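Below you'll find the structure, written out as structure tokens, and then a few comments.
Every number in this text was worked out from the coordinates using simple rules, so none of it is lab data. It should be emphasised that the depicted structure is a prediction, and the values quoted were computed from it without experimental measurement. All Cβ positions, glycine included, derive from the backbone under ideal geometry; neighbour counts span all protein chains shown.
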Amino acid sequence: MKILVTGGTGYIGSHTVVELQNAGHDVVVVDNLSNSNEISLKRVAKITGKDVEFHRIDIRDFDSLDELIGKNHFDCCIHFAGLKAVGESVSKPLDYYDNNICGTVALLRALNKHNCKNIIFSSSACVYGNPEIIPISEQCPKGACTNPYGQTKHFIEEIMTDLHKSDPDWNIVLLRYFNPIGAHQSGMIGEDPNGVPNNLMPYITQVAIGKRAELSVFGNDYDTHDGTGVRDYIHVVDLARGHVCALRAITDKCGLEIFNLGTGHGYSVLDVVHAFENANGVKIPYSLKPRRAGDVPVCYADSSKAQRVLGWHAEFNLEDMCRDSWNWQKNNPNGYSK
Ligand code: NAD
Ligand code: UFG
């Protein structure tokens, strides 16, 4: 298939481009490089042996999308492009609503105009808010999102649902990711956060490499086995392969479908710290701090629907994720910028 990948130079996008190319698909990437580096695609080409066509386009720019999509016959779009920093979204809500929602609407209009009515969207477990039922299945009611970033995922899901209701020719797969970590086994592509990392694993790897003195563990008084927050960490390569499997649903003309992509295992912050230390033989100093505003105590997936319908399940374990995250960080102490 010929696939348009928005946000394809980013963390999850670049890993997905590898898996798409390995599965024999043709890929065209658009990205405005607001949170990524084009070098990632050069690395992808080294891994797969195939160049990746790249266009520097902001997805809010309807005319550029119109031209690109009009010149190509895309079978499907995989839509990663978006801003994703939870804290920043609280201080700059309009930037997030403009970028993520207006960008998605422009993209959908351009796809619709050229009759490409197949899309896979990067949604998030954050749409469940503080989940009512654990493990979280797709039937779990959506909860109140505690930040504008989460709201954009919720609103985009609603927009896509309305679009499908208005025109059943659309096939739309909403993938709700749990917590992606890890990196490609080659150590050539990985997560390259700007500034101080918000997320746990990039913070741990920066402590391990000596860029940060210690990890702050946010909260040790949750109702969990060791008091720290529990999440469903998923290897980014497993997540990337989930998109290749989701193309099957598109080919089967699925209409609107929602899938959780997680492992089904919940690990606490201290479980991850200890797994990282054991997998890599590196000590991670940490100190216990108060809870972080907006965090939920426990979040892990029931991904049995993805297994049943898409034939997908996560193959890598926490040790693999810790080993590959460290391999990427060690080989690229400053990410893509040498
Ligand atoms: P990322 O920042 O590495 O990738 C997103 C890419 O989108 C970047 O390359 C950025 O430059 C690009 N982009 C942003 N706005 C754009 C615009 N207006 N036009 C064109 N390109 C634009 O993030 P990621 O971790 O790879 O996340 C990919 C998607 O998955 C995002 O939509 C994110 O919200 C979603 N998601 C991520 C996580 C996670 O923990 N990483 C969890 C759930 C969902
Ligand atoms: N944590 C720390 N110290 C840190 C960073 C995180 O203790 O320096 C803890 C958090 O309190 C939480 C756990 O590690 O208990 C995971 O936190 P992350 O920031 O890595 O991930 P979140 O679960 O908060 O959110 C992530 C993405 C969201 C996405 C969600 C999907 O940031 O965009 O996963 O489940 F929606």
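When 162, 238 are sorted by how many other C-beta atoms sit within 10 angstrom of their C-beta, beginning with the fewest, the order is 162, 238.
Provide the percentage of antiparallel DSSP beta bridges, counting only those with both residues in the chain; round to the nearest 5. Bridges in the chain are about 5 percent antiparallel. Angle check, please: helix 62-71 long axis (alpha carbons) against the longest principal axis of the chain (alpha carbons), in degrees 0 to 90, nearest 10. It works out to around 70 degrees. Return one quarter of the surface area of the convex hull spanned by the alpha-carbon atoms of the range 1-159, equal to its mean projected area, in nm². So the Cα hull casts an average projection of 9.7 nm². Highest mobility in the GNM of the chain, judged by mean-square fluctuation with C-alpha springs under 10 Å and restricted to 327, 194, 147, is found for 194. Of the residues 169, 31, 320, the one with the fewest other Cβ atoms within 10 Å heads the list, and the complete ranking is 169, 320, 31. About its Cα centre, the chain has a charge dipole of approximately 480 debye under the convention of +1 per Lys or Arg Cβ and -1 per Asp or Glu Cβ, with nothing else charged.
Here, the range 31-94 has an Rg and a Dmax of 14.5, 42 Å when only alpha carbons are counted. Helix 236-251 versus the longest principal axis of the chain: what angle, 0 to 90°, nearest 10, using Cα atoms? For helix 236-251, the angle is close to 30 degrees. Each Lys and Arg contributes +1 and each Asp and Glu -1, all at the Cβ; summed about the Cα centre of the range 192-268, the dipole is approximately 340 debye. Angle of helix 11-22 to the longest C-alpha principal axis of the chain, folded into 0 to 90 degrees and rounded to 10: 60°. In plain terms, the residue of 92, 71, 283 with the fewest other Cβ atoms within 10 Å comes first and the most crowded comes last, giving 71, 283, 92. Which entries of 153/211; 71/117; 92/153; 2/253; 117/305 show an alpha-carbon separation above 20 angstrom in the structure shown? Check vs 20 Å cut-off fails for 153/211; 117/305. Amide H contacts of residue 81 (H built 1.01 Å from N, in plane; Pro and chain starts excluded): 6, 7 sit under 5 Å, all sequence-distant by 5 or more or on other chains. Normalising the Debye intensity of the range 127-198 to I(0), with uniform scatterers on Cα atoms only, and taking log10 at q = 0.13, 0.15, 0.20, 0.25 Å⁻¹ returns -0.60, -0.75, -1.02, -1.15.
For the chain, the spread of Cα coordinates along the three principal axes comes to 54, 43, 39 Å, biggest extent given first. Here the range 204-261 and the range 1-58 have alpha carbon centers that stand 21 Å from each other.
Under the shape rule built on the C-alpha gyration tensor, where the axes satisfy a ≥ b ≥ c, the range 68-135 is oblate, since a/c reaches at least 1.5 while a/b does not exceed b/c. Counting only GluC sites (Glu not before Pro) that DSSP places in a loop and that have at most 13 other Cβ atoms within 10 Å, the longest clean stretch of the chain runs over 1-131.
Among the chymotrypsin sites (Phe, Trp or Tyr not before Pro) within the range 254-338, not one is in coil by DSSP while having at most 11 neighbouring Cβ atoms inside 10 Å.
Using the rule -39500 (n - 2.57) for each DSSP H run of four or more residues, divided by the residues of the chain, the 222 nm mean residue ellipticity is -11000 deg cm²/dmol. The largest-to-smallest principal axis extents of the Cα set in the range 101-257 are 53, 39, 28 Å.
Ellipsoid fit via the Cα gyration tensor, the range 164-233: semi-axes of 32, 21, 11 Å, each the root of five times an eigenvalue, largest first.
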